[in-house]
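The values are calculated or read from the model by the stated rules, or taken from the named source; none is laboratory data. Everything numeric here is computed off the predicted structure, so don't read it as measured data. Here the Cβ positions follow ideal geometry from the backbone for every residue, glycine too, while neighbour counts run over all protein chains shown.
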Amino acid sequence: MGTKLFFAIIAMVAIQACNGTGQKTTASEPVETTISSGMPDSTAADVHDLYKEVKFDSQKDFVCGMPVSAGVSDTSHYKDKVYGFCSKECKDEFVKNPSAYVAAK
């Protein structure tokens, strides 16, 4: 009986931990998004194809200035807008201070 109760408590704790107790973001905080195909042999072209139907709210990568039309490998949402970046490094730099990049636009 004690073992069943122990496992029942462990299961309830695990379920509670998975039920949205993570951080919530506000509209002014950047939301990090990274999409990959999950396939070990995917190419950069496969990743860029994931974003071909997305309308971005900027024409250029804010950090390096590369045109979004040349290819996007990562995105970030900030104040209900979607911004594309050529690399994770550019997105990571943007996320540090998104308001400065958007203001300089």
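Computed quantities for the displayed model
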quantity: Long-range neighbours under 6 Å by Cβ, at least six apart or interchain, first residue hydrophobic (A, V, I, L, M, F, W, C) within the stretch 47-75, second at pLDDT 85 or above and assigned to a helix (DSSP H, G or I); calculated: F56/V68; F62/F94; F62/Y101; V63/C90; V63/E93; V63/F94; C64/C90
quantity: Pairs, first among the aliphatic types (A, V, I, L, M) in the stretch 79-105, second in a strand (DSSP E or B) and surrounded by 11 or more Cβ atoms within 10 Å (Cβ to Cβ), C-beta under 8 Å, six or more apart; calculated: V82/T75; V82/S76; V95/E32; V95/S76; V102/Y78
